[in-house]
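Q: Okay, here's the structure, questions in a sec.
We did not get these values from a lab; they are worked out from the coordinates using the rules stated. Please read these numbers as outputs of a predicted model, since none were measured by experiment. In this analysis, Cβ positions are derived from the backbone assuming ideal geometry, glycine residues included, and neighbour counts consider all displayed protein chains.
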Amino acid sequence: MSVRKWARIRSPWLIHFNTGGCNGCDIEFVAAITPRFDVERFGIKLQGSPRHADVLGVTGPITMQITKRLLRIYRQMPEPKFVVAIGTCATSGGPFKDCYSVHGGVDTVIPVDVYIPGCPPKPEAIIYGIAKLLNKLSEGEGEEKVEEGKVIKESEEERREKEAKGH
Amino acid sequence: MSYGTTIKVPFGPQHPALKEPEYFLFEVDGDIVVKVTPRIGYVHRGVEKAFEQETYLHNLYLAERICGICSHAHSTCYTQTIEGLIPLEIPPRAVYIRLIMAELERLHSHSLWVGIAAHEAGFDTLFMYLWRDREMIMDLMEEISGNRVTHAINTIGGVRRDITSEQATKIKKFLEKFESNVKEYTKVLESEQTFIKRTKDVGVLKPRDAIVLCAVGPTLRASGIKSDVRADDPYLAYGEIPFNVITHDGCDVYARTIVRCEEMIESANIIRYALDHLPEGKIKVPPPRTIAPNESVGRVEAPRGELIHYARSNGTNKPERYKVRAPTLGNLASVCQTLIGAHVADIPLILAGIDPCFSCMDRVIITKKSV
């Protein structure tokens, strides 16, 4: 295991972004860093700036007004980057999927690595989801993403953006 | 000291101080804010339209998902409005169970907020303590309703789950511990010099301004104005339960913190009284599927302030029009006013001071007519 990969798995830095959620998932996400759940014991740290983050935790359905901002934040994150969709809304659009100002789940705009269903998912579930992501990384998924995935990802991203505009 | 020129400082929509995406453009002269332009709407999901497309029973679950922190307040307001449309009287036991849940939710929301305020003021220890205690409330609510956040305990015509006597004992036991903890934290907040220096005379909202700018809830009460829907227009069983409306004359962020701390104690007393006087009987009456043309308004004191729902029925099983007016919309104008003249470093604290919940509030704004 390379030093970079080891560091990536041992200490992922998270950024949280609400794309139109109802606050339920966000508060559960914050609850995960408080004493009962304490994700910091896994080396997970909540980060303020997208430029320092490895993992983007998205809560809420993607509203039309937030789409551009989400893409901007996603682009600002350094490679390799991973996206966790937290909650039913982020996974599929949830109860808001037919609303006129909602695109749907996060995967309608950016590629997602881990989905955490639940309305809202319990802090345990969020921790479990992130642990799954770390497992995925230790199996070597992050490496490919840097080498080949980048180009594909970018073009895919552009395609999705075009789609989002047409929506 | 004035520099003569102003600099524009953008704040949000992604900002570590706010959990929700909201954008404010601050014009600052040196370190002093001179102009605030909010830009709302990032969380606009079209909930009001969605209400019109689903049946009354489906909408119950949508109403809870307007806001994830005061979900019970929204569902209480929704059921109240719909029961006003029918009209339908709900059993007294259901009324008390709704009230107990509402007060438990106020405890959780206020402890969450006081924690956030302490965090914004740089007092992280208290943040962690309060959120640790909040987990006890979440456990209780999970035991009563089956879910931590979206309780789904309300239904049109009553409640879906009963509170057993074991649960009542558990709640009382919890209240004892929680109350003594909150008293301790209040004492800490009142004597901790760093917190006082950080919050006193910060974000001052004069009583007159508070009324003119339509502030609601703890923000209004912290400006010394006695206004609380629970006392002014009693809904549920608030008319039968003795309680005080907490006010504070400080008008600043410190006053808002103390008001919320004291409200927690008051809520604990309300729950205790309600548990002691819990009536026996049914918890639910069956509602009709379709509702004849009618109009109704529901008012509820959510943890953040006055919450208003409006519904109009047209004889089918779906509402014709539904409208939600969330407390944050009332408080937004006042917070923009209080931010003027504040230091840049105090912006997160003042913004957090109204306990903003933008997901309840966000709506579409059309700024260019020609497009």
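Q: Quantify how strongly other chains surround peptide A:54-65 by giving the mean number of their Cβ atoms within 10 Å of each of its Cβ atoms.
A: Working: counts 0, 0, 0, 0, 0, 3, 6, 2, 1, 8, 6, 12.
Shielding by partners across A:54-65 averages 3.
Q: Return the distance in nm (one decimal) between the two label points of a simple spin-label model at A:Glu79 and B:Val364, each offset 7 Å from Cα along Cα→Cβ.
A: 3.9
Q: A further question on this structure: Could you sort B:176-184, A:54-62 so that the peptide with the highest average Cβ count within 10 Å comes first and the rest follow in order?
A: Numbers: B:176-184: 15.4, A:54-62: 28.3.
So the peptides B:176-184, A:54-62, ranked by packing, come out A:54-62, B:176-184.
Q: Ranking request for peptides B:303-310, B:198-205, B:28-35: highest mean number of other beta-carbon atoms within 10 Å first, then the rest in descending order. Walk me through the numbers before you get to the answer.
A: Working: B:303-310: 24.8, B:198-205: 20.6, B:28-35: 15.8.
Ranking, from highest mean packing down: B:303-310, B:198-205, B:28-35.
Q: A further question on this structure: What's the exposure ranking of A:Trp6, A:Trp13, going from fewest to most Cβ atoms within 10 Å? Show your work: numbers first, answer last.
A: Working: A:Trp6 11, A:Trp13 16.
The most exposed by this proxy come first: A:Trp6, A:Trp13.
Q: Continuing with the same structure: Report, in degrees rounded to the nearest 10, the 0 to 90 angle that the Cα long axis of helix B:165-191 makes with the longest principal axis of chain B.
A: It works out to around 10 degrees.
Q: Okay, moving on. Taking square-rooted eigenvalues a ≥ b ≥ c of the alpha carbon gyration tensor, is the stretch A:1-50 rounded, prolate or oblate, where a/c under 1.5 means rounded and, failing that, a/b exceeding b/c means prolate?
A: Details: a/c = 3.34, a/b = 1.68, b/c = 1.98.
Oblate, since a/c reaches 1.5 and b/c is not below a/b.
Q: What does the convex hull of the alpha-carbon atoms of the stretch B:237-346 project to on average, in nm²? Walk me through the numbers on the way to the answer.
A: On the way: hull surface 42.3 nm².
Mean shadow area of the hull around the Cα atoms is 10.6 nm².
Q: Under 17 Å from the Cα of B:Lys170, which aspartates and glutamates turn up, not counting those fewer than eight places away in the same chain?
A: B:Glu103, B:Glu105, B:Asp133, B:Glu135, B:Asp139, B:Glu142, B:Glu143, B:Asp162, B:Glu179, B:Asp276
Q: Apply 1/(1 + (r/R0)^6) to the Cβ-Cβ distance of B:Lys282 and A:Asn135, taking R0 = 45 Å, and write down the FRET efficiency to the nearest 0.05. Let's see the in-between values first.
A: Working: r = 50 Å, r/R0 = 1.11.
Between B:Lys282 and A:Asn135 the formula returns 0.35.
Q: Tell me whether the stretch B:50-152 comes out rounded, prolate or oblate; compute the Cα gyration tensor, take square roots of the eigenvalues as a ≥ b ≥ c, and use a/c under 1.5 as the rounded threshold.
A: Details: a/c = 2.72, a/b = 1.99, b/c = 1.37.
It is prolate, given that a/c is not under 1.5 and a/b is the larger ratio.
Q: Can you figure out the FRET efficiency of B:Arg321 with A:Arg4, using R₀ = 51 Å and their beta-carbon distance, to the nearest 0.05? Can you show the working numbers first?
A: On the way: r = 57 Å, r/R0 = 1.11.
It comes out at approximately 0.35.
Q: What value, in deg cm²/dmol to 500, does the helix sum -39500 (n - 2.57) over DSSP H runs of n ≥ 4 give at 222 nm once divided by the residues of chain B? Walk me through the numbers before you get to the answer.
A: Details: 14 runs with 179 residues, N = 371.
My calculation for chain B gives -15000 deg cm²/dmol from helical runs alone.
Q: Would you mind working out the magnitude of the charge dipole of the protein assembly as shown relative to its Cα centre, with +1 at each Lys and Arg C-beta and -1 at each Asp and Glu C-beta, to the nearest 20 Debye?
A: Taking the Cα centre of the protein assembly as shown as origin, the dipole is about 860 debye.
Q: Also: About the Cα centre, and with charges only on the beta carbon of Lys, Arg (+1) and Asp, Glu (-1), how big is the dipole of the stretch B:85-132? Nearest 20 debye, please. Please list the in-between numbers first.
A: Working: 4 positive and 5 negative charges, 36 e Å.
The dipole magnitude comes to about 180 debye.
Q: Using the number of other C-beta atoms within 10 angstrom as an exposure proxy, rank B:Glu52, B:Glu64 with the fewest first. Show your work: numbers first, answer last.
A: On the way: B:Glu52 14, B:Glu64 28.
Going from least to most buried by this count: B:Glu52, B:Glu64.
Q: I've got another one for you. Across peptide B:12-23, how many C-beta atoms of other chains are within 10 Å of each residue C-beta, on average? Write out the running numbers ahead of the final one.
A: Details: counts 1, 9, 14, 1, 6, 1, 2, 11, 10, 12, 1, 2.
Mean number of neighbouring Cβ atoms from other chains: 6.
Q: Over chain B, consider all pairs of different Cα atoms and compute the Kirkwood hydrodynamic radius from their mean reciprocal separation; express it in Å, one decimal. Present the calculation step by step, with values, prior to reporting the outcome.
A: On the way: mean 1/r = 0.0469 Å⁻¹.
Radius from the Kirkwood sum: 21.3 Å.
Q: Can you tell me the order of B:80-87, B:225-232 when each peptide is scored by its average per-residue count of other Cβ atoms within 10 angstrom, highest first?
A: Working: B:80-87: 19.8, B:225-232: 17.6.
Top to bottom by mean Cβ count within 10 Å: B:80-87, B:225-232.
Q: Roughly how crowded by other chains is peptide A:111-124, in terms of the mean Cβ count from those chains within 10 Å of each of its Cβ atoms? Can you show the working numbers first?
A: Numbers: counts 0, 0, 0, 0, 0, 0, 0, 2, 8, 7, 2, 5, 3, 0.
If you average over the peptide's residues, the count of other-chain Cβ atoms is 2.
Q: Can you tally the net charge around B:Asp139? Count Lys and Arg as +1, Asp and Glu as -1, for every other residue whose Cβ sits under 13 Å from the Cβ of B:Asp139. Write out the running numbers ahead of the final one.
A: Details: positive: A:Arg36, A:Lys122, B:Arg132, B:Arg134, B:Arg148, B:Lys170, B:Lys173, B:Lys177; negative: A:Glu124, B:Asp133, B:Glu135, B:Glu142, B:Glu143.
For residues surrounding B:Asp139, the net value is +3.
Q: Tally the DSSP beta bridges in the protein assembly as shown and give the antiparallel ones as a percent, rounded to 5. Let's see the in-between values first.
A: Numbers: 34 of 50 bridges.
In the protein assembly as shown, DSSP labels about 70 percent of beta bridges as antiparallel.
Q: Also, quick follow-up: So how many Å³ per residue does the convex hull of the Cα atoms of the protein assembly as shown work out to? Numbers along the way, then the final one.
A: Values: hull volume 87.5 nm³, N = 538.
Convex hull volume per residue, Cα atoms: 163 Å³.
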